[in-house]
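Novice: Let me give you the structure first, and then I'll get to my questions.
The values are calculated or read from the model by the stated rules, or taken from the named source; none is laboratory data. Owing to the predicted nature of the structure, the values given are computational and were not obtained by experimental measurement. Neighbour counts run over all protein chains shown; Cβ positions are idealised from the backbone, glycine included. With ligands, DNA and RNA removed, areas are computed over all heavy atoms of the protein, side chains included. Shrake-Rupley method; radii C 1.70, N 1.55, O 1.52, S 1.80 Å.
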Amino acid sequence: MSNRDESRATTRSTRRNFLKTSTAAAGTAALGSLAIGRSAHAQGSDILKVGLVGCGGRGTGAAVNALNADKNAKLTAMADVFEDRLKSSRERIIKSKPDQMAVTDENCFIGFDAYKKLIASGVDVVVLATTPQFRPIQLRACVEAGKHVFCEKPVSVDGPGTRSVLESAELAKKKGLSIVSGLCWRYHPGVKETIGRILDGAIGDIVAIQETYLTGALWKRERQPDQTEMQYQMRNWYNFHWLSGDFNVEQHIHSLDKAGWLMGDEPPVSAWGTGGRQVDAGPKHGDIYDHHAVCYEYANGVRAYSYCRQQAGCWNNVTDVILGTKGRANVLKFQIDGEKEWRYKGKPGNMYDLEHEALFAAIRGGKPINNGVYMARSTMLAVMGRMVDYTGQQLTWDQAINSKEDLSPKSYSFDAEPPVMPGPDGRYPMAIPGVTKFV
Ligand SMILES: NC(=O)c1ccc[n+]([C@@H]2O[C@H](COP(=O)([O-])OP(=O)(O)OC[C@H]3O[C@@H](n4cnc5c(N)ncnc54)[C@H](O)[C@@H]3O)[C@@H](O)[C@H]2O)c1
């Protein structure tokens, strides 16, 4: 076929075919994916329909990042459990990206099953940005329906959820679908280069990793008189570990992800730690801790020491310090000292746009990206940290990832009882090390 014939044939193929072809590319031989790559490139003007599930702060931002990344992407559907959240997000996105906003009233879906309706609305790409509890089932539904996904961190709150995400990632690979993770530092040019150099031996062999995420206290919501218990916890989700994973999972995952990356995304052999809550914020603090310290032990002798704290009025510090046989690195300062001194001089770039640029380029180029394994393993590092702190036990990675503890409620409904209920004083029971059992 001549170039001209090829280009005519490409023009004739429908947009739907383009998407089908590009998603089928992964499992095909090299020649097939080269041809698809070219045809997809020729169709770079096709509209990609994006759906947003979870219209909160990050979801709204991520939708805008997606539209920034690809001028031919349009937001066509939105889903949230709460109508007010969807409404305010929709207004903000209209202001920010009026030309790429194509969400009709019919394509606004509310409720626990809103994501299913969004998936069925004809979107090509789904942005998953709800509370982490829901990520495994929503990711699975997207992949089964053949959608490309931008998947915010963390991707689960327990062992069964993590295993489910790994299965979905495998299925996505088979189907040639892209999954890009919201573990955004992996897309930051300065961090990428710093970690790349460390992995290339700039500080010799890694001996120890120190991760800190020491910040002030985060938001807590008061109970409103008309709320059911489920409604209250869903509004105050960060403070309930069945919804957020606890703050070492929800926030500190960014640090643990860098440790995982530095260890080649190989899991540790075991971990132990200590944690608790020292500052009394009353019932609205739910059942999460306010500090965690965990030591992850790797097969090659490396230890990763991880500290996170959310207490007001204390010294704050968010760093990744890597100690090696020939030097040391401070990752967020893009700084390497020792035998090979180095400073990053490049532009920082907007990692939140860059991760979406990678996703859309992968879809249009027919070369799927799949961040599934590392996003699941980094999430599990954090979940494992919570498990060792809550129980006070040393656990192996195999025990942790095969844990049978399923933190989901019996049903997703505002009348259902959440997994944790308040006691007579309105307070929620917390895990007690040495008493709480590993399941
Ligand atoms: N990568 C980053 O730097 C970054 C930054 C902030 C937040 N996040 C992540 O994004 C996620 C959301 O955080 P946020 O700060 O936007 O919280 P948020 O509370 O502002 O938004 C969450 C939204 O999801 C909705 N929601 C909850 N369960 C739902 C369900 N089952 N179906 C549909 N909608 C549902 C909520 O009603 C809410 O509107 C979290 O996992 C968080 O860790 C990532």
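Novice: Which of the residues that make up the range 221-231 are away from the ligand (no atom under 13 Å from the Cβ) and within 16 Å of G282 (Cβ to Cβ)?
Specialist: Result: E222, R223, Q224.
Novice: I'd like the residue in the range 233-270 that is surrounded by fewer than 24 Cβ atoms within 10 Å (Cβ to Cβ), among the aromatic types (F, W, Y) and in contact with a Phe, Trp or Tyr (Cβ under 8 Å, 6 or more places away or on another chain) and, out of all such residues, is nearest to Q399 (Cα to Cα).
Specialist: Step by step, filter the range 233-270, then rank; the result is W261.
Novice: Given the residues L354, L323, which is the only one that is of a type in the set (A, V, I, L, M), part of a helix (DSSP H, G or I) and closer than 23 Å to T194 by Cα?
Specialist: L354
Novice: Condition first: more than 9 Å from the ligand (Cβ to nearest atom) and not in a strand (DSSP E or B). Now tell me which residues in the range 75-87 satisfy that.
Specialist: E83, K87
Novice: Within the range 271-306, which residues are within 19 Å of V383 (Cβ to Cβ), part of a loop (DSSP other than H, G, I, E, B) and open to solvent by 10 Å² or more (accessible area, probe 1.4 Å)?
Specialist: Hits for the range 271-306 are R277, Y298.
Novice: Name the residue that is most open to solvent (accessible area, probe 1.4 Å), counting only residues in the range 399-426 that are farther than 19 Å from V157 by Cβ and of a type in the set (D, E, K, R).
Specialist: By that ranking, first place goes to D415.
Novice: Now a separate question. Would you say K117 is without any contact (Cβ under 8 Å) to a residue 60 or more places away in the chain, within 12 Å of the ligand (Cβ to nearest atom), within 27 Å of K410 (Cα to Cα) and open to solvent by 40 Å² or more (accessible area, probe 1.4 Å)?
Specialist: It is true that K117 is without any contact (Cβ under 8 Å) to a residue 60 or more places away in the chain, within 12 Å of the ligand (Cβ to nearest atom), within 27 Å of K410 (Cα to Cα) and open to solvent by 40 Å² or more (accessible area, probe 1.4 Å).
Novice: Okay, next question. Which of (1) surrounded by 20 or more Cβ atoms within 10 Å (Cβ to Cβ); (2) more than 19 Å from the chain's Cα centre (by Cα); (3) without any contact (Cβ under 8 Å) to a residue 60 or more places away in the chain does D70 not meet, given it meets every other one?
Specialist: (3)
Novice: Please verify whether I110 is of a type in the set (A, V, I, L, M) and within 11 Å of the ligand (Cβ to nearest atom), treating the condition exactly as stated.
Specialist: Taking the combined requirement at face value, the residue satisfies it.
Novice: Could I ask something else about it? Output the residues belonging to the range 53-67 that are crowded, with 24+ Cβ neighbours inside 10 Å and more than 13 Å from the ligand (Cβ to nearest atom).
Specialist: A66
Novice: Pull out all pairs, ordered by first then second residue, where Cβ-Cβ is under 7 Å, the residues are six or more apart or on different chains, the first lies in the range 411-439 and is over 22 Å from D290 (Cβ atoms), and the second is loosely packed, with under 15 Cβ neighbours inside 10 Å.
Specialist: From the range 411-439, the pairs are F414/T228; D415/T228; A416/K410; V439/K404.
Novice: Given the conditions (1) more than 26 Å from Q233 (Cα to Cα); (2) in contact with a Pro (Cβ under 8 Å, 6 or more places away or on another chain), and given that K340 satisfies all but one, which numbered condition is not satisfied?
Specialist: So the condition that K340 fails would be (2).
Novice: Please indicate, with yes or no, whether at least one residue in the range 211-220 is under 30 Å from G366 (Cβ atoms) and not in a loop (DSSP other than H, G, I, E, B).
Specialist: So far as the range 211-220 goes, no, none of its residues is under 30 Å from G366 (Cβ atoms) and not in a loop (DSSP other than H, G, I, E, B).
Novice: Give the range 134-179 a look and list any residue that's more than 15 Å from S378 (Cα to Cα), within 16 Å of the ligand (Cβ to nearest atom) and in a helix (DSSP H, G or I), or say none.
Specialist: Those that are more than 15 Å from S378 (Cα to Cα), within 16 Å of the ligand (Cβ to nearest atom) and in a helix (DSSP H, G or I): F134, I137, Q138, L139, R140, A141, C142.
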